[in-house]
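The structure under discussion appears below in the form of structure tokens.
The values are calculated or read from the model by the stated rules, or taken from the named source; none is laboratory data. This is a predicted model, so every value here is computed, not measured. Cβ coordinates were reconstructed from backbone atoms using ideal geometry, including for glycine residues, and neighbour counts include every protein chain displayed. For accessibility, only protein heavy atoms count, side chains too; no ligands or nucleic acids. Shrake-Rupley method; radii C 1.70, N 1.55, O 1.52, S 1.80 Å.
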Amino acid sequence: MTEEVTPVELPWLDEPRFQCFGCSPRNKIGLALKMFRLADGRLATDITFSDEYASYPGVVHGGIVSVLVDELMGDLIALDRGLLAFSVTLRTKFLRPMRTGTHYRAVARIIREGNGVVHAEADVLGPDGSPHVMANSAYQPISSVQAEDHMGLVGADRDRLAHFFDHAIG
């Protein structure tokens, strides 16, 4: 995996209330994913899961893998479309077990948008580049009302992030 990469700084990492399990460095039990761009524009992250994320001995829990792909696709949409969105569907196909202690690369791309949602795909590749997981998801933009109701963002917190909300798709 020696492809040209450009590190990506996620703009919300400095938000004081931000504790995202997928990418926040302040979440003590989270994945603390670091994103980067590949030369072809896809968003990617590299990860080696520890035994704390296992289901069976030496095998990464499928729910944790689903967090990985959901986080990557959602961050891609936020970065490329300038909006925060909730996943409304997430389909994950496990082609082969992922092992703890093994290096993986996950890559994501937006595939289409319309009818109020953005669709993305992600793959998780093993050290030899072989696919271990294929995922796709649909994301619905978050409205400012949902930001208040579901996320508790009000006042200055909501105003600071207002540019991420109330986007229409298709």
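Kindly list, by first and then second residue, each pair from a residue in region 125-142 that is polar (S, T, N, Q) to a residue that is at pLDDT below 95, limited to pairs with Cβ atoms under 7 Å and residues at least 6 apart or on different chains.
Once the first residue is polar (S, T, N, Q) and sits in region 125-142, its partners that are at pLDDT below 95 give 140/85; 140/86; 140/116.
What do you reckon, is residue 166 open to solvent by 30 Å² or more (accessible area, probe 1.4 Å), farther than 30 Å from residue 59 by Cβ, free of Cβ contacts under 8 Å to residues at least 60 places away in the same chain and in contact with a Pro (Cβ under 8 Å, 6 or more places away or on another chain)? Break it down stepwise before answering.
On the way: open to solvent by 30 Å² or more (accessible area, probe 1.4 Å): yes; farther than 30 Å from residue 59 by Cβ: yes; free of Cβ contacts under 8 Å to residues at least 60 places away in the same chain: yes; in contact with a Pro (Cβ under 8 Å, 6 or more places away or on another chain): yes.
Here the answer is yes, as residue 166 does meet what is asked.
Every residue in region 106-115 that is open to solvent by 30 Å² or more (accessible area, probe 1.4 Å) and either closer than 14 Å to residue 43 by Cβ or of a type outside the set (D, E, K, R) (or both), please. Show your work before the answer.
We begin by selecting, within region 106-115, every residue open to solvent by 30 Å² or more (accessible area, probe 1.4 Å); these are 109-113, 115.
Passing the criteria: 109, 110, 111, 115.
Applying the selection to region 1-36, what residues are free of Cβ contacts under 8 Å to residues at least 12 places away in the same chain and closer than 26 Å to residue 130 by Cα?
2, 30, 32
Look at region 53-105 and say how many of its residues are crowded, with 20+ Cβ neighbours inside 10 Å and more than 19 Å from residue 23 (Cα to Cα).
1
Within region 19-52, track down each residue that is outside any strand (DSSP E or B), more than 21 Å from residue 92 (Cα to Cα), in contact with a Leu (Cβ under 8 Å, 6 or more places away or on another chain) and open to solvent by 20 Å² or more (accessible area, probe 1.4 Å).
Matches in region 19-52: 25 only.
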